[in-house]
Amino acid sequence: MSGKMSGNTLEDALEGALGRVALCMTASQQVITQVITIDGLAASGKSSAAKGLAQRLGVAYVSSGLLYRALTWLALDEQLDVHDARALLAAVMKRPIQLTPYADRDNKVCVDAKDISDLLETDAIDGNVSAVAKHPTVRTWVNQHLQTLAGNFVIDGRDMGTVVFPDAHAKFYLHAAPEVRARRRLGERDGNLEALTAAIIERDKRDQAQSVPAADAIHVHTDEMTLEQVIDSLERHLTTSPATPNVSVTG
């Protein structure tokens, strides 16, 4: 497909972007599809819990948020307006994004064949990714490609249990107070607790529309739990009552 846009509408841009973005699973994962989704608010531990659970189960881990972060990185690299959906999708047409999940190591993200996996967890991306993810056409671009993945995997991210995989084998939703999430994030990057807490509260407001749990999600309140305890809780639920909806689990 040509990198030139076929028209002036967002639909044209979306169609072109969808044609230029590739998501690849390893050959060993192209077997059957059984999906476990983990949703939650920003810094609620979705990625760490999903990665840990996938390792316990011996399946692939897919980080859906990396696609939004990769597109945000691309927008900043191109000095684009993150509020301009057409410009974002046009950028993807010119510089394709590729996400490759693995069962035995972290997801790999490339833009134009350049590995940017280690460049996606920055304050600049944190501050702009919500604006990028807010565009319906961008979410469609991400969601449609995620739905093409085959094999067994655990996936984290917004909309996963409600829009992308409504028939997932199991769905979890993680909760934690803003201060708890800020304290956890403080261990990952520079900053101060008060500023991080304020930033997370503001992010929650921006992400409100995408943070609605699936009606059949299992709610896990992680404030008093270590990461290992969270993973234990998820695994325990899968082995005892995997189809029970609206269960609330605390530490």
TODO: Hey, can you tell me all the residues within region 170-225 that are over 25 Å from ASN128 (Cβ atoms) and either acidic (Asp, Glu) or loosely packed, with under 13 Cβ neighbours inside 10 Å (or both)?
DONE: ALA215, ASP216, ASP223, GLU224
Open item on the list: Looking at VAL129, VAL82, VAL109 in this structure, which one is of a type in the set (A, V, I, L, M, F, W, C), in a helix (DSSP H, G or I) and open to solvent by less than 30 Å² (accessible area, probe 1.4 Å)?
Closed with: VAL129
Task: Test set (1) within 16 Å of the chain's Cα centre (by Cα); (2) within 18 Å of ASP81 (Cα to Cα); (3) open to solvent by 50 Å² or more (accessible area, probe 1.4 Å); (4) charged (D, E, K, R) - GLU121 fails condition number - done: (2)
Open item on the list: Taking the conditions exactly as written (open to solvent by less than 20 Å² (accessible area, probe 1.4 Å), touching a residue at least 60 places away in the same chain (Cβ under 8 Å), in a helix (DSSP H, G or I) and not basic (Lys, Arg)), does LEU88 satisfy them or not?
Closed with: no
- [ ] Please tell me if LYS46 is of a type in the set (Lys, Arg) and crowded, with 17+ Cβ neighbours inside 10 Å.
- [x] yes
Task: Enumeration of residues in region 226-237 that are exposed (fewer than 13 other Cβ atoms within 10 Å of the Cβ) and within 16 Å of HIS169 (Cα to Cα) - done: ARG236
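With the condition kept exactly as written, say whether any residue in region 146-163 is open to solvent by 20 Å² or more (accessible area, probe 1.4 Å), among the hydrophobic types (A, V, I, L, M, F, W, C) and more than 18 Å from TYR61 (Cβ to Cβ).
yes
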- [ ] Inspect all residues belonging to region 204-214 and state whether any of them is on the phi < 0 side of the Ramachandran plot, modelled with pLDDT of 90 or more and aliphatic (A, V, I, L, M).
- [x] yes
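The values are calculated or read from the model by the stated rules, or taken from the named source; none is laboratory data. Computed from a predicted model, the values in this text were never measured in an experiment. For neighbour counting, all protein chains shown are included, and Cβ atoms are generated from backbone atoms with ideal geometry for every residue, glycine included. Note: areas computed on protein heavy atoms with side chains; ligands, DNA, RNA excluded. Shrake-Rupley method; radii C 1.70, N 1.55, O 1.52, S 1.80 Å.
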